[in-house]
1. Roughly how big is the chain's charge dipole about its Cα centre, with Cβ charges of +1 (Lys, Arg) and -1 (Asp, Glu), in debye to the nearest 20?
2. Using DSSP to call loops (not H, G, I, E or B), can you name the GluC sites (Glu not before Pro) in the range 16-123 whose Cβ has at most 10 other Cβ atoms within 10 angstrom?
3. With the full set of protein chains in place, find how many percent of the accessible area of the chain is carbon and sulfur; take the probe as 1.4 Å.
4. Please state the charge dipole magnitude for the range 48-106, taken about the Cα centre, from unit charges on C-beta atoms (+1 on K and R, -1 on D and E), reported in debye and rounded to the nearest 20.
5. If the cut-off is a Cα-Cα distance under 20 Å, which aspartates and glutamates reach LYS76, setting aside same-chain residues fewer than 8 apart in sequence?
6. In straight Cα distance, which lysines are under 23 Å from LYS43, not counting same-chain residues fewer than 8 positions off?
7. Can you pull the three principal axis extents for the Cα set of the range 1-121, in Å, largest first?
8. Per residue, how much accessible area does the chain have with a 1.4 Å probe, in Å²?
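The values are calculated or read from the model by the stated rules, or taken from the named source; none is laboratory data. In this text the structure is predicted, and so the values were computed from the model without any measurement. All Cβ positions, even for glycine, are placed from backbone atoms using ideal geometry, and neighbour counts span all protein chains on display. Just the protein is used for accessible areas: all its heavy atoms, side chains included, with ligands, DNA and RNA removed. Shrake-Rupley method; radii C 1.70, N 1.55, O 1.52, S 1.80 Å.
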Amino acid sequence: QVQLVESGGGLVQAGGSLRLSCAASGRTFSSYAMGWFRQAPGKEREFVAAISASGGLTYYADSVKGRFTISRDNRKNTVYLQMNSLKPEDTAVYYCAGDRSPVYTGPGGIVYWGKGTLVTVSS
C-alpha cells in the first residue's frame, strides 16, 4: 500500500511563494505518475498539476500555469509543488495524489491520496 504525506503548507501573503512536498512510501516511486489537487472551502476538489513517472511530462491547470511548477526526485521518493505569485483564490487544502500508471491520464487514474496540507493566501 502507498502512503503519501504532504508538508509545506501555511499562511502566505498574496504574491508570495510556498513549496509543497509529498513523501511517498510503499510502491516503487518511479513507477507511477504523481499529481497535486486542491479543494477550496465550499468547492469540489480540482486538478492542479501532474507529472509522469520519469518526470519528463508535466501537466497544469490553466489557473496555475506559469505560476506553479511540479517536479519530482525519484531518489528521494518525493514530489514537489513550487507555488509562486500566489493569489487569495489559491487558498485550499492541497492533496498529493498517485496514479495507477506511469503517465497521468486524468483524475480517474488516481488511486492514492494524501491527507492534505492547508495553504492560506491572505490579501
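1. In total the dipole reaches around 240 debye.
2. GLU44
3. 49 percent
4. With Lys and Arg at +1 and Asp and Glu at -1, about 200 debye.
5. Hits, sequence-local ones excluded: GLU6, ASP99.
6. LYS65, LYS87, LYS115
7. 37, 26, 25
8. Per residue, the chain has an accessible area of 50 Å².
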